[in-house]
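Novice: First the structure, then my questions, so here it is.
The values are calculated or read from the model by the stated rules, or taken from the named source; none is laboratory data. Computed from a predicted structure; not experimentally measured. Cβ sites come from the backbone with ideal geometry, for glycine too, and all protein chains shown count toward neighbours.
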Amino acid sequence: MNLLDRFRSLRAPREHDDDLPEVARAVAIIMDGNGRWAAKHGVGVAEGHRAGSRALRPIVEASIDLGIESLAVYAFSTENWTRSEEEVRALMDTFAETIERELPDLVEQGVRVRFIGRRDRAPEELRERMARLERETKRNERLSLWIAFDYGGRAELADAARAMIEAGVKPDEVSEDVFAVYLYAPDMPDPDLVIRTSGELRMSNFLLWQLAYSEFFFTETLWPDFGEDDLREAVGAYAGRQRRFGRR
């Protein structure tokens, strides 16, 4: 099976029962509001990021209970490098702590963890932990957790175009399916539902290709306060919508 055939098999439409309510099988979350949470509670921004990291595990566990199969979370964008050196260092430390503290239990629950985005700018120790976690979870199938780290949607599209050119793809061979093969994670399903916390109403350069037909749910809740009830509310709102994909 060539790369394009493999892509098509991975992205084949899911079978579903028309008598059942629509279920969001693939969910993406823009985890926003750590800094505002810290200011609200009178603590440093580093503590806000730690609180945000602690919020992830309950949401992953709740996703499993809700039957979600793919969960993509926006952890660190390419633009986040422009923050202060102190905050960036705190974020790197928090990511490393989260991998060691929060994620091992999820591994035992059948979660497969994969990172999407660049890695070359992260500290070596963090890169090693990321790679180790991917190796240790590669056979898990209960839920796929995609962590977007040093990720930017425009960068992904530019990198995909560059990789396609380097692979020798001819202009008349270019199609949406062919292009998607060269994305960071071609086997990641397009999100059915995108949740953004903290009240902001924008995409922030997240999964620009994959969100073409996603439904959006915005909440005022800051990410560290986002819990199972909030997730259920978002999934419930999605279940009441009709996705048309351009059809009437």
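Novice: Within the range 37-79, which residues are crowded, with 16+ Cβ neighbours inside 10 Å and without any contact (Cβ under 8 Å) to a residue 12 or more places away in the chain?
Specialist: Glu47
Novice: If Arg232 satisfies every condition in (1) farther than 25 Å from Arg118 by Cα; (2) in contact (Cβ under 8 Å) with a residue 24 or more places away in the chain; (3) touching a strand residue (DSSP E or B) at 6+ places or on another chain (Cβ under 8 Å) but one, which is the exception?
Specialist: With (1) farther than 25 Å from Arg118 by Cα; (2) in contact (Cβ under 8 Å) with a residue 24 or more places away in the chain; (3) touching a strand residue (DSSP E or B) at 6+ places or on another chain (Cβ under 8 Å) applied to Arg232, the lone miss is (3).
Novice: Restricting attention to the range 150-192, and to residues there that are hydrophobic (A, V, I, L, M, F, W, C) and touching a Lys or Arg at 6+ places or on another chain (Cβ under 9 Å), which single residue is nearest to Met130 (Cα to Cα)?
Specialist: Ala185
Novice: Would you be able to say whether some residue in the range 193-215 is at pLDDT 95 or above, over 14 Å from the mean Cα position of the chain (by Cα) and on the phi > 0 side of the Ramachandran plot?
Specialist: yes
Novice: Here's a follow-up. From the list Glu156, Glu220, Glu134, Glu166, which residue is farther than 28 Å from Asp120 by Cα and either modelled with pLDDT of 95 or more or within 18 Å of the chain's Cα centre (by Cα) (or both)?
Specialist: Criteria check complete, one pass: Glu220.
Novice: Additional query: Quick check on Gly168: is it out of contact with any strand residue (DSSP E or B) (no Cβ under 8 Å at 6 or more places or on another chain) and farther than 28 Å from Arg50 by Cβ?
Specialist: yes
Novice: Another one. Of the residues Ser175, Ser144, which single one is in contact with a strand residue (DSSP E or B) (Cβ under 7 Å, 6 or more places away or on another chain) and either at positive phi or of a type in the set (S, T, N, Q) (or both)? Even if it seems obvious, please write down each step before you answer.
Specialist: Working: Ser175 fails: in contact with a strand residue (DSSP E or B) (Cβ under 7 Å, 6 or more places away or on another chain).
Only one candidate passes the filter, namely Ser144.
Novice: If you don't mind, there's one more thing I want to ask. Which members of the range 137-193 meet the condition of being in a helix (DSSP H, G or I) and aromatic (Phe, Trp, Tyr)?
Specialist: Selection gives Phe179 alone.
Novice: Now a separate question. Could you grab me the full set of residues in the range 35-62 that are assigned to a helix (DSSP H, G or I) and more than 30 Å from Arg25 (Cβ to Cβ)?
Specialist: Of everything in the range 35-62, those that are assigned to a helix (DSSP H, G or I) and more than 30 Å from Arg25 (Cβ to Cβ) turn out to be Gly35, Arg36, Ala38, Ala39, Lys40, His41, Val45, Ala46, Glu47, Gly48, Arg50.
Novice: Out of Arg89, Arg112, report the one residue that is over 18 Å from Phe206 (Cβ atoms), free of Cβ contacts under 8 Å to residues at least 60 places away in the same chain and not in a helix (DSSP H, G or I). I'd like the intermediate steps shown before the answer.
Specialist: Working: Arg89 fails: not in a helix (DSSP H, G or I).
Arg112 is the lone residue from the list that is over 18 Å from Phe206 (Cβ atoms), free of Cβ contacts under 8 Å to residues at least 60 places away in the same chain and not in a helix (DSSP H, G or I).
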